[in-house]
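Let me begin by presenting the structure, written as structure tokens, before commenting on it.
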Amino acid sequence: MSNYHIKSLEEYFNVYRRSIRNPETFWAEVAEEHFLWRKKWDKVLEWDFKEPKIEWFKGAKLNITENCIDRHLVTKADQPAILFEPNNPDEDSIAISYRQLHERVCKMANVLKSKGIQKGDRVVIYMPMIPELAVSLLACARIGAVHSVVFAGFSSSALAARINDCEAKAVMTSDGSFRGAKTIAIKAIVDEALKNCTTVETVLVVNRTGEDVQMQVGRDHWLEPLLDEADSHCDAEIMDAEDPLFILYTSGSTGKPKGMLHTTAGYMVYTAYTFKNVFQYQDEDVYWCTADIGWITGHSYIVYGPLANGATTVMFEGVPSYPDFSRFWEIIEKHKVNQFYTAPTAIRALAKENLDYVTGSDLSSLKVLGTVGEPINEEAWHWYNDHIGDKKSPIVDTWWQTETGGIMISPIPFITPTKPTYATLPLPGIQPVLMDENGNEIFGNQVDGRLCIQFPWPSIARSIWGNHQRYAETYFSAFPGMYFTGDGALRDEVGYYRITGRVDDVIIVSGHNLGTAPIEDAINEHNAVAESAIVGYPHDIKGNALYGYVILKETGENRDRDNLKKEINQVITEHIGPIAKLDKIQFTAGLPKTRSGKIMRRILRKIASNETENLGDISTLLNPEIVDEIIKGKI
Ligand code: WT7
């Protein structure tokens, strides 16, 4: 017990109270204790949610890679920083020590420099889960370039939109990627995207699968020869606390994706602090987060948080079902994983399979289990607790967002009594409040409302790249003076929080955050489609699946419906990626609309979820008669 960072519930409450009464003193103490500062801050916090403006550790100078790598070379040079587990179990795993990571990051940073990349330039990274991906993020951070990782499952047009939005100067990628039994031609997708981009001068390509690729002379370069020649020393660029560290795109409920901008010092302090406490990480533990680095979970809890703590972090290239459903559990046995962090959708999928897949592996190394990305249902929670944790490893149900940068509400393992489906209590420094629709705070317990945070924390996103106005409107206008999360939550009789789901037009499918608007925009590109509306409905494994209501143009009326469905999903795959494909498509003559022309998604959601008894008042609709017709045509 005594090794734990927070040692008792009483200590948690004390720390929490202190962090709320005097946040600046609290975060200054955390920042003082652990990090390497080239210069200390002049002021801990300056903020105004009205503007909105948030600045942490203003005046401080640092480089995050000195904190994530160089600092550990004194005591941990030979300890694995990254354990790479390849897609194919017959291929050897690779341990990259802190010393080797230092060398690889410096070399990569020098390659970037040799291609003219400087502090402040944006570099888009579109790569599978191979060590070079983590190295690329760190290499950008080393020289002060702003990385923007795009999940390598996104389509070429989604990639192009992100490259253009941040005006990237370079793209880092690989020839292909291994995913289960499949190989995906990654570089070809980049080539396709770049036909519509003008800012990219350099493309750096890792050789992973060995497949044929086209290299555009002058623009495209294989990384290996450049890395071989590169100097293994690279001074870290000294950054201001509030200099941008990265942009990461997340879906919005309207329009194009939002490039969430995270800055340097606050992000580092918060992800490091939360990593240590939420996983109760101890020296020499092996920690594994199964997320992809294309999402915020991978940024904060595969790369920056663990490395800032000198941890050993596992990176897995493959999928849970390859070569069979025992893969996760075999990896836990192989690397003697102590902390395991995954998504409810993966748990639900694996829980459907024969238990023999689990019992064949020795899981006794496990100490802490985590989940993230969506609400975990009771059944999945118990399966995880009973069969993976053997009822001994506490489950930390961690609630947070791309925008929050780090975990916000979560149990502290061994300290906070867990309760299935509850993320439980706010971490130190986090001040959640529940608001009603009229903008009043809901006090007391056993209540539910819209989840807001009423005070800044160090890793909150500072802006939306190129669109501060949208940042202000999306997060700070619904409830003036507060950050609005977009989630609904309830608070139980002891003050535990349970996140009930999105209250806006974002749908979480298999833990992926998808906005309805971009999907509808994509479908509407199809030449037979006049209009569409997407809603989510409950799904056993994915949590939510997508249901599309589509109105055809007259010219589409005679087309074969099954073909149209395929084509619509094809258009979505091209514009966004396969993760946004619709499970069900219903063709309809109209959509329920208010008199002002707004689609009543509430009604469509209920129909898709088979909750047609209680549709609420539909008399105010412009076209109430369409509701019956849609119910009759339900798939
Ligand atoms: C949305 C954020 C945070 C990294 C992965 C997703 C949902 C996240 C939980 C949880 C219930 C959760 C919320 C949130 N969500 N964690 N433990 N319980 N819901 O990041 O793509 O920015 O999505 O995911 O709805 O707002 P993201």
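The values are calculated or read from the model by the stated rules, or taken from the named source; none is laboratory data. Everything quoted here is computed from the prediction, not taken from an experiment. We place every Cβ from the backbone using ideal geometry, glycine too, and count neighbours over all the protein chains shown. Only protein heavy atoms, including side chains, enter the accessible area calculation; ligands, DNA and RNA are left aside. Shrake-Rupley method; radii C 1.70, N 1.55, O 1.52, S 1.80 Å.
Identify, please: which residue in region 410-424 is crowded, with 18+ Cβ neighbours inside 10 Å, within 13 Å of the ligand (Cβ to nearest atom) and not hydroxyl-bearing (Ser, Thr, Tyr) and is, among those, nearest to the chain's Cα centre (by Cα)? The extreme case among them is Ala423.
Residues in region 84-106 that are under 20 Å from Asp292 (Cα atoms), touching a residue at least 40 places away in the same chain (Cβ under 8 Å) and open to solvent by 20 Å² or more (accessible area, probe 1.4 Å): Asn88, Pro89, Ser93.
Here's the yes/no breakdown for (1) within 16 Å of the ligand (Cβ to nearest atom); (2) buried (at least 20 other Cβ atoms within 10 Å of the Cβ); (3) not in a loop (DSSP other than H, G, I, E, B):
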{"site": "Tyr287", "(1), (2), (3)": "no, yes, yes"}
{"site": "Ala291", "(1), (2), (3)": "yes, yes, no"}
{"site": "Gly298", "(1), (2), (3)": "yes, yes, yes"}
{"site": "Val303", "(1), (2), (3)": "yes, yes, yes"}
{"site": "Leu307", "(1), (2), (3)": "no, yes, yes"}
{"site": "Gly318", "(1), (2), (3)": "no, yes, no"}
{"site": "Asp324", "(1), (2), (3)": "no, no, no"}
{"site": "Ser364", "(1), (2), (3)": "no, no, no"}
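Ser393 passes every criterion in (1) open to solvent by 10 Å² or more (accessible area, probe 1.4 Å); (2) part of a loop (DSSP other than H, G, I, E, B); (3) more than 16 Å from the ligand (Cβ to nearest atom); (4) assigned by TED's automatic domain parsing to the domain that holds Ser19 apart from (1). The listed residues are Ile189, Ile184, and the only one of them that is touching a residue at least 60 places away in the same chain (Cβ under 8 Å) and either surrounded by 16 or more Cβ atoms within 10 Å (Cβ to Cβ) or assigned by TED's automatic domain parsing to the domain that holds Ile143 (or both) turns out to be Ile189.
Take Trp27 and tell me if it is aromatic (Phe, Trp, Tyr) and open to solvent by less than 10 Å² (accessible area, probe 1.4 Å). Spelling it out, Trp27 is indeed aromatic (Phe, Trp, Tyr) and open to solvent by less than 10 Å² (accessible area, probe 1.4 Å).
In the set (1) closer than 25 Å to Met268 by Cα; (2) surrounded by fewer than 16 Cβ atoms within 10 Å (Cβ to Cβ), the condition left unmet by Ser477 is number (1). Being in the same structural domain as Thr274 (by TED's automatic domain parsing) and within 10 Å of the ligand (Cβ to nearest atom), is that true of even one residue in region 475-492? No, there is no match, as no residue in region 475-492 is in the same structural domain as Thr274 (by TED's automatic domain parsing) and within 10 Å of the ligand (Cβ to nearest atom). In region 461-469, the count of residues that are open to solvent by less than 30 Å² (accessible area, probe 1.4 Å), hydroxyl-bearing (Ser, Thr, Tyr), in the same structural domain as Ala291 (by TED's automatic domain parsing) and more than 13 Å from the ligand (Cβ to nearest atom) is one or more. For region 214-243, the set of residues classified as surrounded by fewer than 21 Cβ atoms within 10 Å (Cβ to Cβ) and under 16 Å from Ala461 (Cβ atoms) consists of Glu242, Asp243, listed by residue number. Would region 76-90 turn up any residue that is in contact with an Asp or Glu (Cβ under 6 Å, 6 or more places away or on another chain) and over 17 Å from Gly305 (Cβ atoms)? Yes, region 76-90 contains a residue that is in contact with an Asp or Glu (Cβ under 6 Å, 6 or more places away or on another chain) and over 17 Å from Gly305 (Cβ atoms).
Taking (1) assigned to a strand (DSSP E or B); (2) surrounded by fewer than 16 Cβ atoms within 10 Å (Cβ to Cβ) in turn, Thr485 satisfies each apart from (2).
Scan region 507-556 residue by residue and report those that are under 29 Å from Thr421 (Cβ atoms), in contact with a Gly (Cβ under 6 Å, 6 or more places away or on another chain) and away from the ligand (no atom under 16 Å from the Cβ). Across region 507-556, the qualifying residue is only Ile534. Within region 549-571, is even one residue buried (at least 21 other Cβ atoms within 10 Å of the Cβ), in contact with a Lys or Arg (Cβ under 8 Å, 6 or more places away or on another chain) and in the same structural domain as Val627 (by TED's automatic domain parsing)? Checking region 549-571: not a single residue is buried (at least 21 other Cβ atoms within 10 Å of the Cβ), in contact with a Lys or Arg (Cβ under 8 Å, 6 or more places away or on another chain) and in the same structural domain as Val627 (by TED's automatic domain parsing). For region 426-457, which positions are among the aliphatic types (A, V, I, L, M), open to solvent by less than 20 Å² (accessible area, probe 1.4 Å) and either in contact with a helix residue (DSSP H, G or I) (Cβ under 8 Å, 6 or more places away or on another chain) or over 16 Å from Phe476 (Cβ atoms) (or both)? Listed by number, the residues that qualify are Leu427, Ile430, Leu434.
For region 220-235, a residue qualifies if it is assigned to a loop (DSSP other than H, G, I, E, B) and free of Cβ contacts under 8 Å to residues at least 24 places away in the same chain, and exactly one does: Asp235.
Only one of these is open to solvent by less than 20 Å² (accessible area, probe 1.4 Å), within 16 Å of the ligand (Cβ to nearest atom) and in a helix (DSSP H, G or I): Phe275, Phe328. Name it. Of the residues listed, the single one that is open to solvent by less than 20 Å² (accessible area, probe 1.4 Å), within 16 Å of the ligand (Cβ to nearest atom) and in a helix (DSSP H, G or I) is Phe275.
Do the conditions hold for Gly406, that is, is it open to solvent by less than 20 Å² (accessible area, probe 1.4 Å), more than 16 Å from the ligand (Cβ to nearest atom), under 25 Å from Pro244 (Cα atoms) and assigned to a loop (DSSP other than H, G, I, E, B)? The answer is no for Gly406. Of the residues making up region 366-382, those that are in contact with a helix residue (DSSP H, G or I) (Cβ under 6 Å, 6 or more places away or on another chain) and surrounded by fewer than 19 Cβ atoms within 10 Å (Cβ to Cβ) number 0.
Could we say that Leu434 is modelled with pLDDT of 95 or more and outside the structural domain of Gly370 (by TED's automatic domain parsing) here? Yes: the conditions hold for Leu434.
Table: residues versus (1) open to solvent by 10 Å² or more (accessible area, probe 1.4 Å); (2) in the same structural domain as Ala308 (by TED's automatic domain parsing); (3) out of contact with any Ser or Thr (no Cβ under 6 Å at 6 or more places or on another chain).
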{"site": "Lys115", "(1), (2), (3)": "yes, yes, no"}
{"site": "Lys119", "(1), (2), (3)": "yes, yes, yes"}
{"site": "Ile125", "(1), (2), (3)": "no, yes, no"}
{"site": "Ile130", "(1), (2), (3)": "no, yes, yes"}
{"site": "Ala134", "(1), (2), (3)": "no, yes, yes"}
{"site": "Ala139", "(1), (2), (3)": "no, yes, yes"}
{"site": "Ile143", "(1), (2), (3)": "no, yes, yes"}
{"site": "Phe154", "(1), (2), (3)": "yes, yes, yes"}
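Note on region 33-54: residues that are part of a helix (DSSP H, G or I) and either modelled with pLDDT of 95 or more or within 27 Å of the chain's Cα centre (by Cα) (or both) total 1.
Of the residues making up region 572-611, those that are part of a helix (DSSP H, G or I), open to solvent by less than 50 Å² (accessible area, probe 1.4 Å) and in contact (Cβ under 8 Å) with a residue 12 or more places away in the chain are Ile572, Thr573, Ile579, Ala580, Arg601, Ile603, Leu604, Ile607, Ala608. Only a single item in (1) crowded, with 18+ Cβ neighbours inside 10 Å; (2) in contact with a strand residue (DSSP E or B) (Cβ under 7 Å, 6 or more places away or on another chain) is not met by Ala109, and it is number (2).
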